[in-house]
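The values are calculated or read from the model by the stated rules, or taken from the named source; none is laboratory data. A quick note: this is a predicted structure, and the numbers were derived from the prediction, not measured. Ideal geometry is used to build each Cβ from the backbone, glycine not excepted, and the neighbour counts take in all protein chains shown. Side chains included, ligands, DNA and RNA excluded: accessible areas come from the protein's heavy atoms. Shrake-Rupley method; radii C 1.70, N 1.55, O 1.52, S 1.80 Å.
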Amino acid sequence: MRARAPASSANLGPGFDTLAVALSLYVEVDIVPAERLTVRAEGEGCDYPADASHMAARVAVEVAGHDRMAITVRSTIPVGRGLGSSAALAAAAAAAAGAADPLAVATAIDGHPDNAAASVLGGLVSATTVDGTAVAQRLPLDPGLAFVVLVPQRTLPTEEARAALPASVPHADAAFNLGRLGLLIAGLADRRLLVRASTEDRLHQAQRAPLFPEAPALLAGLVDAGALASCWSGAGPSLLALCGADAGPGLRAAGEDLLAAAGVAGRAILLAPDLDGLVLNAPSTGTQSDLG
């Protein structure tokens, strides 16, 4: 069986561990019966050990209850860049292995349901855990929105990004984020309402800035170049700009210039929202992706 799942960008500023949007980068997992376990990987993440320790193998074996399978993974999702690669891979591997609830499997692997929910449901999602069960809902998303992502060559392990966060936050900061979250949800539903302030946050972005000192200037530069708003993508180090689809190509070019001016090796990519989420037995898309 083949399963395909999209990348995702979580948090989107104030929606920490709650909000995520699916993006048009993909991981595919093919699983066929075999006499023994084999793993083959193409594209992003192909330098990881292709053996039983591979996440796709661990997930598939746990779901299927045996290891008599051949697994092929093809991915265009950069690994360790805040684009939900682990959640997407876990969801796709679980589905390809026959899991009844890929969202639950991917949430257990990832530790929280926002990225997993976006990869399974597609579009814009709100996700949380209720009594130990992942609960997610699709939210309205303006079809005229596009996303430019600045993807540095450097990685930022999620564990390190989490360690930068304080154990508690002031009540005023929590209220600040809730107010901005309301603005953001309204703006994502209708881009005419999307304002720069909607992606402001006091819970995680400033706290993680020392791990990527160039990020604040890059985020401001994206808005100055025409983005409606900008934020960290998940735990970073990728940065996300929200814009109208017609402004996307110009903003992507501006993003390349911003990276070069900041001396940050990386690339800017223009992505559409993915509205399909997890798809079973779709035609293979391969690993090539011309995102211009």
Evaluation of residue 159 against (1) touching a strand residue (DSSP E or B) at 6+ places or on another chain (Cβ under 8 Å); (2) exposed (fewer than 12 other Cβ atoms within 10 Å of the Cβ) (one fails), failing number:
(1)
Please work out which one of (1) under 13 Å from residue 88 (Cα atoms); (2) open to solvent by 10 Å² or more (accessible area, probe 1.4 Å) is the condition residue 10 fails and give its number.
(2)
Residues that are closer than 21 Å to residue 15 by Cβ and of a type in the set (Gly, Ala, Ser): which strands (runs of 3 or more DSSP E) entirely in segment 76-164 hold 2 or more of them?
124-130, 133-139
Wholly inside segment 189-292, helices (runs of 4 or more DSSP H) that include 3 or more residues that are farther than 26 Å from residue 174 by Cα, open to solvent by less than 60 Å² (accessible area, probe 1.4 Å) and at pLDDT 95 or above are 248-262
Which of (1) in contact with a Phe, Trp or Tyr (Cβ under 8 Å, 6 or more places away or on another chain); (2) in a helix (DSSP H, G or I) is the odd one out, the single condition residue 21 does not satisfy?
(2)
Tally, over segment 29-51, of residues that are modelled with pLDDT under 95 and among the hydrophobic types (A, V, I, L, M, F, W, C)
2
